[in-house]
Amino acid sequence: VASSRHDAGVNSKKMYKYQPSSQIRTFSLHQRTQVVIVEMSCLPFILITTICFLLVVGVPSEAHLSATFYNESCPNISIIVRSVIEKAMVNDPRIGASLIRLHFHDCFVNGCDGSILLDSSSTIESEKEAAPNINSARGFDVVDNIKGEEKKTRRGGGGGERWGGGGDKLENACPLTVSCSDILALAAEASVFLAGGPSWTVLLGRKDSLIANKTGANAALPGPRSDLAFLKLKFAEAGLGTNDLVALSGAHTFGRAQCKFFTSRLYNFTGTGQPDPTMNPTYLEELKAICPQGGNQTVLTSLDPTTPDAFDQNYYSNLLANKGLFRSDQVLFSTEEADTIEIVNTFSKDERAFFEAFARSMINMGNIKPLTGGGEVRVNCRKPNGDAGSNEGLYTSI
């Protein structure tokens with residue numbers, strides 16, 4: 001992994017892995033800057049400036065999540081997850097952004113429980129069919145690949161079936177051990193790291209839910225057309241604050257978006273028949289060329305027009321230039337007298353400050369009501385273990 005980041009042109013810097021514990025520990029040296037996080041439930045967040053920087057994070061004791069949860073039962077878990085994602089990125093450079101979005105959309109609905117991965121059935125209304133996810137959420141096949149249940153592949157035209165799978169997958173390395181909800185948390189970290197961003201020690205030990213909540217997904221997830229007040233409301237409902245909102249929005253520093261999520265800003269902002277007045281005029285014309293009025297609403301464009309596949313602080317520099325793609329992006333900087341403006345300014349100038357805050361907020365998000373009591377470890381991330389056919393394999397068409 002380190003060599004692949006170096007080959008991609010990522011600058012070599014000191015990086016210290018952090019792990020929640022009662023003592024400060026320094027880990028092996030890697031590329032780029034990592035944060036060292038220490039869990040002390042009795043302490044607030046403290047920033048210590050030494051040879052490296054330390055973030056002291058209090059993790060709710062009731063969550064029962066641990067950085068060492070799989071140390072004995074599945075010691076190669078992180079290596080397997082990163083390997084699968086690294087291979088997926090070769091042909092799909094936007095997959096990292098898609099995977100981190102899955103983690104976000106999972107945790108904001110009933111907590112981090114893997115419910116977004118469940119397909120519809122006679123007893124389940126899938127969250128995949130909720131408005132924020134339908135024809136938009138993606139990366140489910142990569143999660144399947146990480147999990148590694150053997151896939152039964154059906155050839156088109158009645159060409160019969162064959163068994164696929166194999167290789168270094170979690171169900172091969174440590175059967176019935178790693179939850180799908182923990183896979184999402186690990187995949188989010190790996191996706192950021194492989195795109196040049198920070199790494200953090202992921203707290204683990206979640207179980208998978210037996211149900212989904214389509215109604216909750218429609219209600220809980222803030223959308224790309226949201227104003228700042230609504231964004232703050234939804235983050236507060238999830239137990240997150242303004243710093244988390246601004247830091248986690250920085251995930252839009254890579255990935256793509258369909259025209260349908262922002263064309264109202266180009267042609268009919270809030271029903272005015274005019275473009276969003278906060279948009280950079282040059283950027284507005286560029287987007288109109290990509291997404292003409294009445295055109296194909298599924299056409300993709302980069303969330304970050306400057307470095308579309310890199311995880312960096314340019315997202316915030318774009319906001320200063322009024323080049324936020326979504327309304328929910330630009331309002332962080334363009335809402336008058338908002339307390340988010342100062343944070344955006346800081347992150348635009350200081351990548352390390354952004355990386356610190358992002359890692360901390362990802363841990364905060366991963367602690368939104370994690371399912372640790374009850375639940376199960378799914379064999380197939382798309383269905384509960386009790387569903388008929390849950391061990392019969394996944395079907396794909398080729």
- Note on the structure: The percentage of the accessible area of the range 261-398 (probe 1.4 Å, all protein chains present) made up of carbon and sulfur atoms, to the nearest whole number, is 50 percent
- Could you give the accessible area per residue of the range 287-332, probe 1.4 Å, as a whole number in Å²? 39 Å²
- Note on the structure: Length gained, Lys369-Thr346, 0.36 nm per residue minus C-alpha separation, equals 5.3 nm
- Task: Find out how many positive minus negative residues lie around Ala338, taking Lys and Arg as positive, Asp and Glu as negative, among other residues whose Cβ is under 11 Å from that of Ala338.
- Result: -4
- Around Pro292, with a cut-off of 15 angstrom between Cβ atoms, what is the net charge of the other residues, counting Lys and Arg +1 and Asp and Glu -1? +1
- Using the alpha-carbon centroid of each, what span in Å lies between the range 333-387 and the range 166-209? 15 Å
- Three-way shape call for the range 311-382 based on the alpha-carbon gyration tensor, with the a/c threshold at 1.5: prolate
- Task: Specify whether the C-alpha gyration tensor of the range 255-354 places it in the rounded, prolate or oblate class, a ≥ b ≥ c being the square roots of the eigenvalues: rounded for a/c under 1.5, otherwise prolate if a/b is larger than b/c and oblate if not.
- Result: oblate
- Message: Which order do the peptides 325-336, 93-104 come out in when sorted by mean C-beta neighbours inside 10 angstrom, highest first?
- Response: 93-104, 325-336
- Give the peptides 105-113, 361-369, 137-145 in descending order of average Cβ contacts within 10 Å, highest first. 105-113, 361-369, 137-145
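The values are calculated or read from the model by the stated rules, or taken from the named source; none is laboratory data. Treat the numbers as computed from the prediction; the structure is a model and nothing was measured. Cβ: placed from backbone, ideal geometry, glycine included. Neighbour counts: every protein chain shown. Side chains are part of the model used for accessible areas, which takes the heavy atoms of the whole protein and leaves out ligands, DNA and RNA. Shrake-Rupley method; radii C 1.70, N 1.55, O 1.52, S 1.80 Å.
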